[in-house]
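The next block holds one structure in the form of structure tokens; read it before the comments.
The values are calculated or read from the model by the stated rules, or taken from the named source; none is laboratory data. Predicted model, so just to flag it, every value in this text is computed and none were measured. Cβ sites come from the backbone with ideal geometry, for glycine too, and all protein chains shown count toward neighbours. With ligands, DNA and RNA removed, areas are computed over all heavy atoms of the protein, side chains included. Shrake-Rupley method; radii C 1.70, N 1.55, O 1.52, S 1.80 Å.
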Amino acid sequence: MAAVQSDDPGLTPRSTMSWWFRREARIAPYLYISPFFLLFLVFGVFTVAFTAWVSLHDWHIFDTAAGGGTFVGLDNYARLLNDARFWRSATNTFSILLMSTIPQMLLALVLAELLNDRRLRGPHIFRSGLLIPNITSVVAITIVFQSLFGRHYGLINVALDFIGLDMVNWTSSRIGSHFAIATMVNWQWTGYNTLIFLAAMQSIPSDLIEAARVDGAGRIKRWWKITVPLLRPTILFATVLSVIGNFQLFAQPLLFAPGVGSMGGNDQQFLTILLYLYNMAFRQFQFGYASAIAWMLVLLTAVAALMVYAGVGYLNRRENRSALEVERMRERANARQEAGA
Amino acid sequence: MRIKWLAAPLALALVLGACAGDDNGTTDEEVETEDAAETDDDGDDGDGEAADADAEPVTLSMWVFTGMNLDDLVGQYEEENPHVTVEIQSTEHGDHHDALFTELAAGGGPDIAAIEVAFINEMAEQYQMWHNLYDYGAADIEGDYLDWKIEQAQNVEGDHLIGIPTDIGGMAMAYRWDLFEEAGLPTDRDEVSDLWVDSWEDFIEVGTEYTEATGRGFVDNEANLWNAVVNQDPNTFFDADGNPIYDESEHVQYAWDVVIDAIESDIIAEVPAWSAEWEAGMSDGSFAVLTAPAWMMGYIMDVAPDTEGNWDLAEVPEAGGNWGGSHLGVPAASDNPEEAYALIEFLLSPENQQYQFTEYGQFPSVPELFDSEEIQSFESEFFNNAPVGPIYADNAERVVAQNTGPNYNAIDTEFGDGLGRVLDGNESPEEAWESVLNNISSQLGM
Amino acid sequence: MTNVDAVKAQSAAGPTPGNERQAPTFKPNKRRFSWANNWHYLVLTVALFISVFPFYWMFVVGSNTNADVAQVPPRITPGPNFIENATNAMNAVPFLRSLLNTFIVAGTVTVSAVFFGTLAGFAFAKMQFRGNKALMAFVIATMMIPLQQLGLIPLYMLMDRFGWVGQLRAVIVPALVTGFAVFWMRQVIATSVHDELLEAGRVDGCATFGLFRHVVIPSVRSGAAVLGMFTFLFMWNDFLWPLVVLGGNQDAHTIQIALRNMSQTYYADYALVLAGTFMSLIPLIIVFVIFARQMIAGVMEGAVKG
């Protein structure tokens, strides 16, 4: 978070001001930030704390009116650790995460590289075309893709059949349903990430790329050896966002098989953690247990995000080599500038 | 009363014709008799002021699930009671009940709500969330309905009634006689009944024959077959006292074995119930037999209108069974319980239940109708002129009400999912049985 | 040969592609077209096609009959039945009511979040007060917490206590100002409101709110517009919380909930469902066409700032 910091506040109370102005300037900022903090107190701090409290209870939805559930200590968490269905939902979530994040990032890096070309004609058309899936609602996306992935008349199966492959029962197969859901995520987010990467690429000093070119590196090599490593902070940021987003997958599995499979399929093959939480809370009405799931969801999200950070840190250390290469090229570029001057 | 009954076949003839339009010559009579019946009812109940033309305008919100088809009757009621406006909200079955629980828990809810049989027990346990219909005159009419339907909607003490029964789901087998003919099987409904009425084993044998002859699935899917078999005995998931016995019930084990047998005999079409393929399958011949509680008739007519005349009805193997059927109740949050009750009483009156049957196939929960001439003589053109009245009436006499209990629907779903896993080849029958029992105990804490 | 020599040799060999890049007179159409030079157009066009195809497909299915699409091979060109299907869809659920509800929710939240976000952002960016940095760090930290998931159940209980279940305000009030809005506006104000202007305003006798009105608001219009667009889109597409808290009351459904009900109830009628889905996207597409440039700029600036 490279915050732009103003170190010269223009509003320092000064002795020349009247008493009122000084007093006003001292109180006003608190007043101005208070709406956020008040709202956060009620809908943030309270709800988070209360989730913890509820998770320690056997608390059915109907207990709420009666004043609360029965205190059971950590029983809900113990149950969670042994709940095969929860862990299935966690592995599903993780599998979809891998199938969406990795292709999405690679594809976005390629597209951004292609868009990062000042000679490109009609850049606006490409950029807006790539961004439009991102503004589409997840509900609409799922409805369309669910029809594209239909068993008998879905366009994808028809196409598979046309080229002589077997049709896939996308909803009943575990890997198939993960692929379908990951496809929806990829469709929605690849363009967005492309623009993020494009912005980052545009801020790479052109002398670096130039130096590599001079050094005889082809376009692919320049992309992979220079651009991508330099984009690492941005890729990290996008990946963490993607991880967090994947742990919140809900509408896709809920709507993937309308009429059937609202529990994520008869084998829970596409049950995600958040859908499980929702089912527990607002179908089974077990608020206590669902609250424990909520905490576990946050914990797993944090662990996954930290793993991404740690993974990138590891890469950074291991690939100092690549940084050295960049440094060497920078030197060459400098040398060239000197030579040119 | 008699006059009213004479009018029914007329009304029926109209409805089954192309459209129940504004053909004056015939409708005059019908409207007259119905008006007379309506004022009769009001007089009996002594709450005639609810129907007064100058009564205060009231808007009633009503939540039902898809397929209940109450719009005609509600429209009629609104016409006869100009001060009443009804806003119907029709939602998918599962969503409807989820939303209803959520709203009730929040102390809200509509003026009238439908409760399907799988959820009636949980609602009756939370009876304080519903107006007591005995306070509004339900005692006067409860005798019209099947005792077990009334009992399902009472609290344990029996002094608080949360709902009035709608239909019951007596069972039959709907089959495509045209596809049977293709496969060289008998097509006549009595002969078809004879093929399998003795046992599910015979049914599966017929299915095997059909599948071998045509290469297509015989029965639509494992879940509906399961529903048909498991609902033939009262002691399924709960005993008469409401204790869970799903893991030791002989009948549950039996129903499981029947469906496994069907899966292993390869006669299942593998189109999931309530999916788009399932609805398409009713027309395209992916399957030839559909387990049909009475209300399923309306569903088939709605989804596959182009198959009119190709369907027929046979008896269900081993006879009996009830699948589905609902109640209408008034949530405690309603500010208009009298008006809401008056509407419910109208909608579920014997004559209107009969209308729902002839129009939408929902079989009445009113025993006095079973032997009535109108039911006994009712045939359906859509089902190849099958005498659907007598078929379902006959079945209704033998209906055994399942014991209900908490999480009934969730338990049923777990069994259905387990059978689905066997069908998809994800688990062996033994593994699936184990995982179903484990899931029920771990998911529901039972 | 040293590096410097290499560079010299290269420079001498004529304009490098890098120089071309800077040359304003460069005209690619003077060269002959070749796939070897333009393959990236092919790749980008394929990407564009995949991005847009689902919208086209929605319209294809939504403008044909179910029978046209449920066959092999299916029809892949638009048919004549869109109006009919769309009408059916709009009758199947309270479609217009849901659109109106969504406008109310998204509109209210957008105005409120931008206003309160700008106010708080102003305080954080331009005022000195005790705890400024710590509180800002706290705001950023709140952005990391998936509140909607973690707080789902208590939030529902809270709305139950307020009597707001099934009412639009249950969706509006918790979103009136977000950590993201505060953070975003702080960044915008820090870069685009000049201290000299504030000082001038102060000399003219403006109190802080006067400065906010006369100096801050006029300078942050474009940044606030981007925040407004994102907030509007987010609220328009929000699903989980509205589903939980509004799910029961059809009169209060937002368009996403209405769509969900439509697909859940009429799942077999693809023509109806996809026609309805297409209709639900039209307002978004209009907004997008008008604001695409700002939105793209917003996403890209956000990336650099973030």
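Quick notes on this one:
- For the chain pair B and A, buried accessible area totals roughly 2000 Å², probe 1.4 Å, rounded to the nearest 100.
- Phi-based couplings in Hz for region A:137-143 (Karplus 6.51, -1.76, 1.60; Gly and Pro marked x): 6, 4, 4, 5, 4, 5, 4
- The antiparallel fraction among DSSP beta bridges confined to the protein assembly as shown stands at about 70%.
- Contact order normalised by residue count of region C:151-306, Cα under 8 Å, 6+ apart, percent: 26
- Residue of B:Glu315, B:Glu182, B:Glu359 that the Gaussian network model of chain B assigns the largest fluctuation, springs spanning Cα pairs under 10 Å: B:Glu182
- Carbon plus sulfur fraction of accessible area for region A:116-213, probe 1.4 Å, in percent: 59
- Across all directions, the average flat footprint of the convex hull enclosing the Cα atoms of region C:94-265 is 11.4 nm².
- Antiparallel %, DSSP beta bridges [both residues in chain B], to 5: 65
- For A:Tyr77, A:Tyr309, the ranking by accessible surface with the largest value first comes to A:Tyr309, A:Tyr77, using a 1.4 Å probe.
- Normalising the average separation of contacting C-alpha pairs (under 8 angstrom, six or more residues apart) by the number of residues puts the relative contact order of chain C at 28 percent.
- When the trypsin sites (Lys or Arg not before Pro) in region C:88-141 are filtered for DSSP coil states and for at most 12 other beta-carbon atoms within 10 Å of their beta-carbon, the remaining sites are C:Arg130.
- Solvent-accessible heavy-atom area per residue, rounded to whole Å², over region A:75-340 at 1.4 Å: 38
- Prolate/oblate/rounded call for the protein assembly as shown, Cα gyration tensor, a/c under 1.5 rounded: prolate
- Rolling a 1.4 Å probe across all protein chains gives A:Phe126 an accessible area of roughly 20 Å².
- Each part reduced to its alpha carbon centroid, region C:143-211 and region A:95-139 end up 30 Å apart.
- Relative to the Cα centre, the charge distribution of the protein assembly as shown, modelled as +1 at Lys and Arg Cβ and -1 at Asp and Glu Cβ, gives a dipole magnitude of about 14560 debye.
- Shielding score for A:110-121, defined as the mean number of other chain Cβ atoms within 10 Å: 3
- Largest to smallest in accessible area, the residues B:His160, A:His178 fall in the order B:His160, A:His178 (1.4 Å probe, all protein chains included).
- Mean Cβ neighbour count within 10 Å, used as a protection proxy, ranking B:77-88, C:256-267 highest first: C:256-267, B:77-88
- Stretch in chain A that is longest and holds no trypsin sites (Lys or Arg not before Pro) that DSSP places in a loop and that have at most 14 other beta carbons within 10 Å: A:122-341
- Its relative contact order, with pairs defined as Cα atoms under 8 Å and 6+ residues apart, puts chain B at 22 percent.
- The share of accessible area on chain B that comes from carbon and sulfur is 44 percent, using a 1.4 angstrom probe.
- Structure-based [θ]222 nm, the protein assembly as shown - -39500 (n - 2.57) summed over DSSP H runs of at least 4, per residue, nearest 500: -19500 deg cm²/dmol
- Phi-derived couplings, Karplus 6.51 cos²θ - 1.76 cosθ + 1.60 at θ = phi - 60°, listed residue by residue for region B:368-380: 4, 7, 4, 9, 5, 4, 5, 6, 5, 9, 7, 10, 10 Hz, with x used for Gly and Pro.
- Ligands, DNA and RNA aside, A:Val243 has an accessible area near 10 Å² when probed at 1.4 Å.
- Heavy atoms of the protein chains alone define the surface here; on that basis chain C has 44 Å² accessible area per residue at 1.4 Å probe size.
- Rounded to the nearest 10 Å², the accessible area of B:Ile141 at probe 1.4 Å: 20
- Cross-link reach list, aspartates and glutamates versus C:Lys126, counting only Cα pairs under 15 Å and skipping chain neighbours closer than eight places: A:Asp7, A:Asp8, A:Glu24, C:Asp195, C:Glu196, C:Glu199
- Average beta carbon contacts from partner chains per residue of C:89-95, 10 Å cutoff: 1
- Shape category assigned to chain A from the gyration tensor of Cα positions, a/c cut at 1.5: oblate
- Note on exposure: B:Tyr341, C:Tyr41 ranked by accessible area (1.4 Å probe, complete protein assembly) read C:Tyr41, B:Tyr341, with the most exposed listed first.
- Scanning chain C for DSSP H helices at least 18 Å long along the axis (C-alpha atoms) with a Kyte-Doolittle mean no lower than -1.0 picks out C:35-62, C:95-126, C:132-144, C:179-192, C:221-237, C:270-305.
- Shape class of region B:123-188 from the alpha-carbon gyration tensor: prolate, with a/c at 1.5 or above and a/b greater than b/c.
- In a reduced charge model with +1 at each Lys and Arg Cβ and -1 at each Asp and Glu Cβ, chain C shows a dipole moment near 700 debye about its Cα centre.
- Among A:Asn193, A:Met263, A:Ile96 the positive-end extreme of the charge dipole of chain A (Cβ point charges): A:Asn193
- Shielding of peptide C:292-301 by partners, expressed as the average count of other chain Cβ atoms within 10 Å per residue Cβ, is 5.
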